[in-house]
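Undergrad: Please find one structure pasted underneath; my questions will follow.
The values are calculated or read from the model by the stated rules, or taken from the named source; none is laboratory data. It should be emphasised that the depicted structure is a prediction, and the values quoted were computed from it without experimental measurement. Using ideal geometry, Cβ is built from the backbone for each residue, glycine included, and neighbour counts are taken over all protein chains shown. For accessibility, only protein heavy atoms count, side chains too; no ligands or nucleic acids. Shrake-Rupley method; radii C 1.70, N 1.55, O 1.52, S 1.80 Å.
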Amino acid sequence: MMDSQKIHGSAPVGGDELSTTNQETVDLSQVQIEKVIDDSNMTKMITFQGIYKAKPIIIRLEKTMFVESTTKQSITDSQTKMDLSFLNDIYSSYIMTPALSDESLSQIQATIIWPANEKALAKYTHIDKIFFSETYGDFKNIVGPYIENMLSSDENYNNWVYNILEGRSEVERVIYNDIDRETGFLITPDLKWSDSMEDVYLLAICHRRDIRCLRDLNSTHLPLLNNILNMGTKIIEEKFSRCKGQLRSYVHYHPSFYHFHVHFKFVDAGNYQSTDRDNLLTTVINNISLMNDYYAKSTLTYPLSKSNALYEELKRVGRLTK
Ligand code: G7M
């Protein structure tokens, strides 16, 4: 049986970026819930904002993973209630209510941030996205100049990338470095990798600095792209002892920083997730081989957050109306 004191809020949260230091547990019965700030059917999470002891609090609830043994028992347990939603040919759908004794099935993981500062509130609050179909003309007239302007107005824009490439940061984390000026790249763990072997997440960052993103790629870059695909795959599969074909390499459009890089993740059943920004490297290579300026000329559709500066720019120039 879980300690009820723990359920009711033992949540001192670390990290100054998220909150001021706190060593006090939260008494949830004293929290005033104000509103839902995020809610996702896909991630099975809901996040509330409220007030606790006159300071903002964030409470994020997440359905916990299924435990095989108890879930299996619940399916055949005669106490389990099954309400039929629909039956169609070989398919049927139910709302299943397991017996109350199946505690693990009703457990919820709660993350509490208190006191929550502006940064934490922004990070945990859902921001709407739109889908934007960016044409060749949009890129030439609006998006390309917007990127150039951003890069030239902030000389530190790609600093963290150059620190890695020049061996000033993350030196001991780099697992491969080919320093060729044209086709060279290095492989380093992504910031988001937790170091768990279950969800290996690596980045290949090229040494040349003249490729900002997918739009710039053409057939002159095929030696670089093939090098990243072939050598990157070989090195990573060997290092992590995985079978061939389990590694997924992809390029985001738009990326979050404009220096060409490729993501590498294993396609493990548990954490495989693709997003609408992903462009598989094998498809990129194929498209450029068929048509040199495929990415310069194509209309590229991607999700764009309403908090992204590009969204504001597209509105400013009248390309987006709302
Ligand atoms: O969406 P995009 O293709 O731009 O992805 C960039 C990736 O770079 C993200 O997955 C980030 O987690 C990762 N990243 C960002 N920073 C600031 C760093 C960093 O300083 N070091 C490393 N290793 N990865 C980073």
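Undergrad: For the subset of segment 163-177 comprising residues that are of a type in the set (D, E, K, R) and closer than 21 Å to Ser241 by Cα, which member is nearest to the ligand (Cβ to nearest atom)? Steps first, answer last, please.
TA: Here is the first cut: in segment 163-177, the residues of a type in the set (D, E, K, R) are 166, 168, 170, 172-173.
Then drop every residue that is not closer than 21 Å to Ser241 by Cα, which leaves 172-173.
Numbers: Glu172: 12, Arg173: 7 Å.
Across segment 163-177, the extreme among qualifying residues is Arg173.
Undergrad: Identify the residue in segment 109-146 that is within 19 Å of the chain's Cα centre (by Cα) and charged (D, E, K, R) and, among all such residues, is surrounded by the fewest Cβ atoms within 10 Å (Cβ to Cβ).
TA: Residue satisfying both the conditions and the ranking: Asp128.
Undergrad: What residue, among those in segment 178-191 that are more than 14 Å from the ligand (Cβ to nearest atom) and in contact with a helix residue (DSSP H, G or I) (Cβ under 9 Å, 6 or more places away or on another chain), is farthest from Leu222 (Cα to Cα)?
TA: Asp178
Undergrad: Out of Asn156, Asn230, Asn177, Asn163, report the one residue that is free of Cβ contacts under 8 Å to residues at least 12 places away in the same chain and in a strand (DSSP E or B).
TA: Exactly one of Asn156, Asn230, Asn177, Asn163 is free of Cβ contacts under 8 Å to residues at least 12 places away in the same chain and in a strand (DSSP E or B), namely Asn177.
Undergrad: Restricting attention to segment 233-256, does a residue exist that is more than 23 Å from Thr135 (Cβ to Cβ), within 11 Å of the ligand (Cβ to nearest atom) and open to solvent by less than 30 Å² (accessible area, probe 1.4 Å)?
TA: Taking segment 233-256 as the starting set, the residues that turn out to be more than 23 Å from Thr135 (Cβ to Cβ) are 233-249.
From what is left, the residues that are within 11 Å of the ligand (Cβ to nearest atom) are none.
Within segment 233-256, not a single residue is more than 23 Å from Thr135 (Cβ to Cβ), within 11 Å of the ligand (Cβ to nearest atom) and open to solvent by less than 30 Å² (accessible area, probe 1.4 Å).
Undergrad: Restrict the check to segment 192-201 and report whether at least one residue is within 15 Å of the ligand (Cβ to nearest atom) and crowded, with 19+ Cβ neighbours inside 10 Å.
TA: Yes, segment 192-201 contains at least one residue that is within 15 Å of the ligand (Cβ to nearest atom) and crowded, with 19+ Cβ neighbours inside 10 Å.
Undergrad: Something else about it: Is at least one residue of segment 133-142 within 14 Å of the ligand (Cβ to nearest atom), touching a Phe, Trp or Tyr at 6+ places or on another chain (Cβ under 8 Å) and not in a loop (DSSP other than H, G, I, E, B)?
TA: Filtering segment 133-142 down to residues within 14 Å of the ligand (Cβ to nearest atom) leaves none.
So far as segment 133-142 goes, no, none of its residues is within 14 Å of the ligand (Cβ to nearest atom), touching a Phe, Trp or Tyr at 6+ places or on another chain (Cβ under 8 Å) and not in a loop (DSSP other than H, G, I, E, B).
Undergrad: So Leu217 fits all but one of (1) more than 13 Å from the ligand (Cβ to nearest atom); (2) on the phi > 0 side of the Ramachandran plot; what number is the exception?
TA: (2)
Undergrad: Quick one: count up the residues across segment 233-245 that are assigned to a loop (DSSP other than H, G, I, E, B) and either more than 25 Å from the chain's Cα centre (by Cα) or in contact (Cβ under 8 Å) with a residue 40 or more places away in the chain (or both). Spell out the reasoning first.
TA: We begin by selecting, within segment 233-245, every residue assigned to a loop (DSSP other than H, G, I, E, B); these are 240-245.
Checking which are either more than 25 Å from the chain's Cα centre (by Cα) or in contact (Cβ under 8 Å) with a residue 40 or more places away in the chain (or both) leaves us with 240.
Of the residues in segment 233-245, 1 are assigned to a loop (DSSP other than H, G, I, E, B) and either more than 25 Å from the chain's Cα centre (by Cα) or in contact (Cβ under 8 Å) with a residue 40 or more places away in the chain (or both).
Undergrad: Only one of Tyr146, Tyr157, Tyr176, Tyr250 is aromatic (Phe, Trp, Tyr), under 30 Å from Glu312 (Cβ atoms) and in contact with a strand residue (DSSP E or B) (Cβ under 8 Å, 6 or more places away or on another chain). Can you tell me which? Spell out the reasoning first.
TA: Details: Tyr146 fails: in contact with a strand residue (DSSP E or B) (Cβ under 8 Å, 6 or more places away or on another chain); Tyr157 fails: in contact with a strand residue (DSSP E or B) (Cβ under 8 Å, 6 or more places away or on another chain); Tyr176 fails: under 30 Å from Glu312 (Cβ atoms).
Within the list Tyr146, Tyr157, Tyr176, Tyr250, the selection yields Tyr250.
Undergrad: Sticking with this structure for a sec: Can you tell me which residue among Val262, Val267 is more than 14 Å from the ligand (Cβ to nearest atom), in contact with a strand residue (DSSP E or B) (Cβ under 8 Å, 6 or more places away or on another chain) and of a type in the set (A, V, I, L, M)?
TA: The unique qualifying residue is Val267.
Undergrad: Scan segment 145-159 residue by residue and report those that are within 12 Å of the ligand (Cβ to nearest atom) and touching a Leu at 6+ places or on another chain (Cβ under 9 Å).
TA: Once the filter is applied, which keeps residues that are within 12 Å of the ligand (Cβ to nearest atom) and touching a Leu at 6+ places or on another chain (Cβ under 9 Å), segment 145-159 yields Tyr157, Asn158.
Rundown of residues vs (1) modelled with pLDDT of 85 or more; (2) hydroxyl-bearing (Ser, Thr, Tyr), yes/no style:
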| site | (1), (2) |
| --- | --- |
| Met1 | no, no |
| Ser4 | no, yes |
| Val26 | yes, no |
| Asp39 | yes, no |
| Phe48 | yes, no |
| Tyr91 | yes, yes |
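Undergrad: Name, by its number, the condition in (1) part of a loop (DSSP other than H, G, I, E, B); (2) surrounded by 12 or more Cβ atoms within 10 Å (Cβ to Cβ); (3) among the β-branched types (Val, Ile, Thr) that does not hold for Thr301.
TA: (1)
Undergrad: Since Asp39 meets every condition but one in (1) farther than 25 Å from Asn117 by Cα; (2) open to solvent by 100 Å² or more (accessible area, probe 1.4 Å); (3) in contact (Cβ under 8 Å) with a residue 24 or more places away in the chain; (4) of a type in the set (D, E, K, R), which condition does it not meet?
TA: (1)
Undergrad: Which residue out of Ser85, Ser104 is of a type in the set (Gly, Ala, Ser), at pLDDT 90 or above and over 18 Å from Lys123 (Cβ atoms)?
TA: Criteria check complete, one pass: Ser85.
Undergrad: Follow-up question, since we're still on this one. Provide a single number: the residues in segment 58-107 that are touching an Asp or Glu at 6+ places or on another chain (Cβ under 9 Å) and either within 27 Å of Thr25 (Cβ to Cβ) or part of a strand (DSSP E or B) (or both).
TA: 5
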